[in-house]
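Report on the following structure.
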């Protein structure tokens, strides 16, 4: 494929009255295909943040106000059976932008990185000549692995809340500028506001007492107040979509622009976001493409957000990208087929926060309407931000109180908090997923069928039950924790009141130090390595301290570092390095603690992934000795 440079293209607009041969020469000299404007549509993807499918007017909600989303559906295609591949922000967006399920791209827990060298949407579309721009929330890591052009410094920041929307209107300004300055180059623009993600905007337009409370929510006064604020935030998202559509129309590009409106997962209500239930995974998907997609059409094809990247590559005229989990649904858009997937896969691996319980699930949704869920730690309570942390429009305590006397509230609270080992729902008759059929003898064969299908899909991806049960978490002991080789744990997994030592002790048995590489990255404070018969540190400022050359290829490593900066490293009881470092490097900062790798990166030399075996890498606070 021809790779198109992104610079020095604006001057071509001055050639519109020149001789055709001169125009062709200019195109070719700049690396631009003269078929750009003829064959490649522009693309605008509007990603609402934490929005249930059912909470949009065109999907049947008569309370909320979404005139622009409704107009988009009237002018295009509305998908009834579109699903996220995971109900959390960063993993869901990583799926969207890679075309790979979470285990395959590496971002399973929220806030985690994708694997090094993971191919992605901006790379694919840039090779097809597109300008690929993201405006607002990115939430994929490491961001430099995704070569988006980013616009707007304020828009997309979590705080202050005003930055959840593009208050400086940089997005609509960029749309107008692009088509004036780069009319020959197609654009893929991703607009990603932080709404209706919490904290929700204060309610101004709704009477909470008159709202219809969805069946999956306990009907309390506090729930109604929260629902009104959520609907207010949906209206803000819809208004911004309207501004984007108006900018496209004003630029005269409506007929040559594919507009998609989606969300990354369900709303932050119990049994929605973070959960593997339908409310967590089913998302809106509305597509307008004048002259190509029939206005007012509705599709029941089973699609997943993992299909987004291959679909956009297909729309841009690219060849099918081998090795992706998703498939293009372009033929559905063009009404050349009614069906898409026979089944889709989804998962939740939860947040890395230390106050969460790790309660992962893997799930299959089939084209005939069955939803099978496997919960891997059914004895543990399901805990999220909803329970206590997110105080904006806080309603959860009202559920707990209502459950004391109200059987329905009790059922809904238990459904959120405790998940059985297996669940099976017939979405054809039970959209709310209140009737678990897993133990019903009449559905025994269906359970076995979907168990086998899920096993087959996990095997295809390469994930085992043992991997799922352990997850990317530290193994904690009374005064320390262990990290397995080729794994990393987020700083969010540590209660800093407990796990910040005065003296940090790192121990491990290292094999293969002749080749070696990075032993651990300690929360970006330093990177410990054993490489080509030397042991040392690379500090955050790039400075290096290194031991003398060693004879041993293997041995027991003991690393001690005090908060005053006194460093001592021993190998097989021999002191190999003593140094005084500047500052306190023992405390947990943001980032990751890893074993044998650097999270999301693959470097060369002393910081390469460890070529050898690291056994029992442990981080201990203050003393190795333990009192009985």
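If you take the residues in region 310-346 that are farther than 27 Å from residue 272 by Cα and in contact with a strand residue (DSSP E or B) (Cβ under 8 Å, 6 or more places away or on another chain), which one is surrounded by the fewest Cβ atoms within 10 Å (Cβ to Cβ)?
Applying the filter and picking the extreme gives 338.
Which count do you get for residues in region 285-315 that are assigned to a loop (DSSP other than H, G, I, E, B) and over 21 Å from residue 254 (Cα atoms)?
From region 285-315, those assigned to a loop (DSSP other than H, G, I, E, B) are 289-296, 300-302; that's our starting set.
Narrowing the set further to residues that are over 21 Å from residue 254 (Cα atoms) leaves 300-302.
Looking only at that region, the number is 3.
Regarding region 359-367, can at least one residue be identified that is touching a residue at least 24 places away in the same chain (Cβ under 8 Å) and loosely packed, with under 15 Cβ neighbours inside 10 Å? Show your work before the answer.
Step one: list which residues in region 359-367 are touching a residue at least 24 places away in the same chain (Cβ under 8 Å), which gives 359-367.
From what's left, loosely packed, with under 15 Cβ neighbours inside 10 Å: none.
No.
Okay, residues lined up against (1) without any contact (Cβ under 8 Å) to a residue 60 or more places away in the chain; (2) under 27 Å from residue 341 (Cα atoms):
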{"site": "69", "(1), (2)": "no, yes"}
{"site": "79", "(1), (2)": "no, yes"}
{"site": "86", "(1), (2)": "no, yes"}
{"site": "108", "(1), (2)": "no, yes"}
{"site": "113", "(1), (2)": "no, no"}
{"site": "116", "(1), (2)": "no, no"}
{"site": "144", "(1), (2)": "yes, no"}
{"site": "152", "(1), (2)": "yes, no"}
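Which condition number in (1) within 19 Å of residue 94 (Cα to Cα); (2) touching a residue at least 60 places away in the same chain (Cβ under 8 Å); (3) out of contact with any helix residue (DSSP H, G or I) (no Cβ under 8 Å at 6 or more places or on another chain) is the one that residue 322 fails?
Of the numbered conditions (1) within 19 Å of residue 94 (Cα to Cα); (2) touching a residue at least 60 places away in the same chain (Cβ under 8 Å); (3) out of contact with any helix residue (DSSP H, G or I) (no Cβ under 8 Å at 6 or more places or on another chain), the odd one out for residue 322 is (2).
Would it be correct to say that residue 186 is in contact with a strand residue (DSSP E or B) (Cβ under 8 Å, 6 or more places away or on another chain), crowded, with 19+ Cβ neighbours inside 10 Å and either over 18 Å from residue 48 (Cα atoms) or touching a residue at least 40 places away in the same chain (Cβ under 8 Å) (or both)?
Numbers: in contact with a strand residue (DSSP E or B) (Cβ under 8 Å, 6 or more places away or on another chain): yes; crowded, with 19+ Cβ neighbours inside 10 Å: yes; either over 18 Å from residue 48 (Cα atoms) or touching a residue at least 40 places away in the same chain (Cβ under 8 Å) (or both): yes.
Here the answer is yes, as residue 186 does meet what is asked.
So which of 598, 569 is closer than 24 Å to residue 105 by Cα and in contact with a strand residue (DSSP E or B) (Cβ under 8 Å, 6 or more places away or on another chain)?
On the way: 569 fails: closer than 24 Å to residue 105 by Cα.
From the options 598, 569, the qualifying one is 598.
Does residue 253 meet the test of being in contact with a strand residue (DSSP E or B) (Cβ under 8 Å, 6 or more places away or on another chain) and either without any contact (Cβ under 8 Å) to a residue 12 or more places away in the chain or within 18 Å of residue 76 (Cα to Cα) (or both)?
On the way: in contact with a strand residue (DSSP E or B) (Cβ under 8 Å, 6 or more places away or on another chain): yes; either without any contact (Cβ under 8 Å) to a residue 12 or more places away in the chain or within 18 Å of residue 76 (Cα to Cα) (or both): yes.
Here the answer is yes, as residue 253 does meet what is asked.
Considering region 597-628 alone, what residues qualify as being in a strand (DSSP E or B) and under 26 Å from the mean Cα position of the chain (by Cα)? Lay out the reasoning, then the answer.
Narrowing region 597-628 to residues in a strand (DSSP E or B): 598, 601, 611-621.
Passing the criteria: 598, 601.
Here is a check on your reading of the model: is residue 147 surrounded by 20 or more Cβ atoms within 10 Å (Cβ to Cβ) and under 24 Å from residue 187 (Cα atoms)?
Values: surrounded by 20 or more Cβ atoms within 10 Å (Cβ to Cβ): no; under 24 Å from residue 187 (Cα atoms): yes.
Taking the combined requirement at face value, the residue does not satisfy it.
Yes or no: region 578-593 includes at least one residue that is in contact with a helix residue (DSSP H, G or I) (Cβ under 7 Å, 6 or more places away or on another chain) and within 16 Å of residue 517 (Cα to Cα).
Taking every residue of region 578-593 in turn, none turns out to be in contact with a helix residue (DSSP H, G or I) (Cβ under 7 Å, 6 or more places away or on another chain) and within 16 Å of residue 517 (Cα to Cα).
What about residue 95, is it under 25 Å from residue 186 (Cα atoms), assigned to a helix (DSSP H, G or I) and within 26 Å of the chain's Cα centre (by Cα)?
Numbers: under 25 Å from residue 186 (Cα atoms): yes; assigned to a helix (DSSP H, G or I): yes; within 26 Å of the chain's Cα centre (by Cα): yes.
For residue 95, the condition - under 25 Å from residue 186 (Cα atoms), assigned to a helix (DSSP H, G or I) and within 26 Å of the chain's Cα centre (by Cα) - is met.
Take region 439-450 and flag every residue that is without any contact (Cβ under 8 Å) to a residue 40 or more places away in the chain and either surrounded by 14 or more Cβ atoms within 10 Å (Cβ to Cβ) or not in a helix (DSSP H, G or I) (or both).
Within region 439-450, 439, 440, 443, 449 qualify.
Of 397, 455, 430, 465, which residue is closer than 23 Å to residue 274 by Cβ, out of contact with any strand residue (DSSP E or B) (no Cβ under 8 Å at 6 or more places or on another chain) and without any contact (Cβ under 8 Å) to a residue 12 or more places away in the chain?
Details: 397 fails: without any contact (Cβ under 8 Å) to a residue 12 or more places away in the chain; 455 fails: closer than 23 Å to residue 274 by Cβ; 465 fails: without any contact (Cβ under 8 Å) to a residue 12 or more places away in the chain.
Going through 397, 455, 430, 465 in turn, just one is closer than 23 Å to residue 274 by Cβ, out of contact with any strand residue (DSSP E or B) (no Cβ under 8 Å at 6 or more places or on another chain) and without any contact (Cβ under 8 Å) to a residue 12 or more places away in the chain: 430.
Identify the single condition in (1) modelled with pLDDT of 95 or more; (2) in a loop (DSSP other than H, G, I, E, B); (3) touching a strand residue (DSSP E or B) at 6+ places or on another chain (Cβ under 9 Å) that residue 219 does not satisfy, given that it satisfies every other one.
Of everything listed in (1) modelled with pLDDT of 95 or more; (2) in a loop (DSSP other than H, G, I, E, B); (3) touching a strand residue (DSSP E or B) at 6+ places or on another chain (Cβ under 9 Å), residue 219 misses just condition (3).
Only one of 557, 510 is assigned to a strand (DSSP E or B), free of Cβ contacts under 8 Å to residues at least 60 places away in the same chain and in contact with a strand residue (DSSP E or B) (Cβ under 7 Å, 6 or more places away or on another chain); which?
Numbers: 510 fails: free of Cβ contacts under 8 Å to residues at least 60 places away in the same chain.
Unique residue meeting the criteria: 557.
Can you pull out every residue in region 59-88 that is surrounded by fewer than 24 Cβ atoms within 10 Å (Cβ to Cβ) and in a helix (DSSP H, G or I)?
Result: 59, 67, 68, 70, 71, 74.
Quick check on my filter: what residues within region 474-493 are more than 18 Å from residue 108 (Cα to Cα) and out of contact with any strand residue (DSSP E or B) (no Cβ under 7 Å at 6 or more places or on another chain)?
476, 477, 478
The values are calculated or read from the model by the stated rules, or taken from the named source; none is laboratory data. Because the structure is a prediction, the values reported are computed rather than measured. With ideal geometry, Cβ positions are generated from the backbone for all residues, glycine too; neighbour counts draw on all protein chains shown.
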